[in-house]
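Okay, so here's the structure we're looking at.
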Amino acid sequence: MASPKHHKAPGSSRKANRAPLVLRRTMLHSCLCFLLGLVTGLAPTDWVSRAAADANAEVLRTAALLASSLQQQRDARVTTRRETKQQQHHHHLLVVVTTTAPSERERRSAGLTRTAHALRLVSPPVLWLVVEAAGEAPPTATLLRRTGVPYRHLTYADNFTSSSSKEERHHQRNVALAHVESHRLRGVVLFAGLADVYDLRLLHNLRRNIRSGPSEIMNECRTTVGAWPMATVSEQHRTVALEGPVCCNTTTTTTTGGWFTASSAAGFSAVVGPTPPLHKEDSVHGFAFASDLLWDPARWDRFPTSEPDQSQDSVKFLQRLVVEDYNKTTPVILACSHVMAWRVDATLLLL
């Protein structure tokens with residue numbers, strides 16, 4: 001049996017063999033670091049400077065690419081925001097006001113049905129305001145519910161005689177404008193009679209030309225009133241009359257330079273005046289305006305103190321506004337060279 005003093009532990013030989021290996025690795029690492037430092041010290045200085053310059057150039061190139069990418073993203077966001085605002089401008093609410101007095105029930109139904117078919121082709125949002133006496137409202141309400149056009153049926157209890165048709169129509173327009181002002185219906189307001197026929201391009205261009213709401217750009221001139229030529233076909237007199245704005249084209253904008261009137265009875269020889277004759281009862285059919293003019297605080301300064309009741313009449317206020325600021329009125333695009341609105345003074349359709 002072996003003596004215990006000559007017995008060695010199993011792990012002692014392994015530790016003794018491992019110690020020289022660790023020492024050799026440490027010495028190898030030290031030599032490599034020494035050689036690396038020696039080579040770096042003996043290297044020419046211009047090599048170090050070139051390496052530093054190349055590194056700086058690479059950093060600058062990366063920073064320029066990053067800045068260019070950020071600028072492109074910023075420009076894309078601005079373009080998207082601008083396109084969104086333009087789309088919002090093009091999709092302003094279009095408020096169409098239709099008066100019904102005086103007319104027989106069959107003529108009224110025919111005119112309302114034809115107008116409803118036209119409004120269904122207009123891109124939304126569209127709101128149709130139909131004004132009527134309360135006693136004649138039930139049949140019209142049934143007809144309006146079947147049109148598929150967003151509408152509001154406004155009624156009134158005032159009584160008018162058959163000889164006061166102009167006063168009743170004027171009252172109906174004031175009822176519609178009071179509703180627009182009371183509910184702050186921000187958009188473009190258009191008076192469309194039962195005998196009016198419109199080209200759809202005119203209704204679409206109204207939103208592009210007339211801006212409602214505050215200006216988004218500092219010192220931007222906002223167009224609040226638009227005008228277009230309108231032809232009136234009279235079956236009784238067998239004549240065609242044409243009136244509208246005189247368009248003055250410049251390199252940047254198109255403005256109004258007057259108002260012309262021509263008739264087939266006079267060989268379509270045009271008579272040009274400085275402003276439209278808005279004293280006529282049916283003259284509001286050739287204009288559209290931004291609805292926020294109705295609650296503009298400057299409205300009360302338009303009339304002198306000697307005429308306190310005129311500012312309460314919204315139709316007269318708009319007529320006076322158009323006459324006084326006619327040089328700021330913008331013709332609707334395409335309407336200068338095309339007639340896109342007609343009034344048919346026939347037996348079936350009433351004014």
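Does region 175-183 include one or more residues that are hydroxyl-bearing (Ser, Thr, Tyr) and in contact with a helix residue (DSSP H, G or I) (Cβ under 8 Å, 6 or more places away or on another chain)? So far as region 175-183 goes, no, none of its residues is hydroxyl-bearing (Ser, Thr, Tyr) and in contact with a helix residue (DSSP H, G or I) (Cβ under 8 Å, 6 or more places away or on another chain). Among the residues of region 118-146, how many are under 25 Å from Leu185 (Cα atoms), touching a residue at least 24 places away in the same chain (Cβ under 8 Å) and not hydroxyl-bearing (Ser, Thr, Tyr)? Number satisfying all stated conditions: 17.
Could you grab me the full set of residues in region 135-148 that are open to solvent by less than 50 Å² (accessible area, probe 1.4 Å) and closer than 24 Å to Ser182 by Cα? Result: Ala137, Thr140, Ala141, Leu144.
Whether any residue in region 121-129 is more than 24 Å from the chain's Cα centre (by Cα) and crowded, with 17+ Cβ neighbours inside 10 Å is what I want to check. No; the residues of region 121-129 include none that is more than 24 Å from the chain's Cα centre (by Cα) and crowded, with 17+ Cβ neighbours inside 10 Å. Looking across region 149-170, just one residue is open to solvent by 80 Å² or more (accessible area, probe 1.4 Å) and under 30 Å from the mean Cα position of the chain (by Cα), and that is Arg152.
Could you list, in sequence order, the residues of region 238-266 that are modelled with pLDDT of 75 or more and open to solvent by 50 Å² or more (accessible area, probe 1.4 Å)? The answer is Arg238, Val240, Thr261. Restrict the check to region 293-312 and report whether at least one residue is open to solvent by less than 50 Å² (accessible area, probe 1.4 Å), under 26 Å from Leu203 (Cβ atoms) and modelled with pLDDT under 75. Checking region 293-312: not a single residue is open to solvent by less than 50 Å² (accessible area, probe 1.4 Å), under 26 Å from Leu203 (Cβ atoms) and modelled with pLDDT under 75.
Within region 273-292, identify whether any single residue is loosely packed, with under 15 Cβ neighbours inside 10 Å, modelled with pLDDT of 75 or more and not polar (S, T, N, Q), and answer yes or no. There is at least one residue in region 273-292 that is loosely packed, with under 15 Cβ neighbours inside 10 Å, modelled with pLDDT of 75 or more and not polar (S, T, N, Q).
If you check Ser69 against the conditions, is it farther than 16 Å from Thr140 by Cβ, surrounded by 10 or more Cβ atoms within 10 Å (Cβ to Cβ) and modelled with pLDDT of 85 or more? So Ser69 does not fit the description; no.
Residue count for region 195-210 under the criterion of being touching a helix residue (DSSP H, G or I) at 6+ places or on another chain (Cβ under 7 Å), modelled with pLDDT of 85 or more and open to solvent by 10 Å² or more (accessible area, probe 1.4 Å): the result is 1.
Considering only residues that are open to solvent by less than 60 Å² (accessible area, probe 1.4 Å) and over 18 Å from Arg184 (Cβ atoms), look in region 85-98 and name the one that is modelled with the lowest pLDDT. Result: His89.
Mind checking whether some residue in region 319-340 is of a type in the set (Ser, Thr, Tyr), more than 18 Å from Arg169 (Cβ to Cβ), modelled with pLDDT under 70 and over 29 Å from the mean Cα position of the chain (by Cα)? Within region 319-340 (the criterion being of a type in the set (Ser, Thr, Tyr), more than 18 Å from Arg169 (Cβ to Cβ), modelled with pLDDT under 70 and over 29 Å from the mean Cα position of the chain (by Cα)), the answer is no, since none of the residues qualifies.
The values are calculated or read from the model by the stated rules, or taken from the named source; none is laboratory data. Source: prediction; values computed, not measured. As a convention, Cβ positions derive from the backbone with ideal geometry for all residues, glycine included, and neighbour counts pool all protein chains shown. All accessible areas refer to the heavy atoms of the entire protein, side chains included, with ligands and DNA or RNA removed. Shrake-Rupley method; radii C 1.70, N 1.55, O 1.52, S 1.80 Å.
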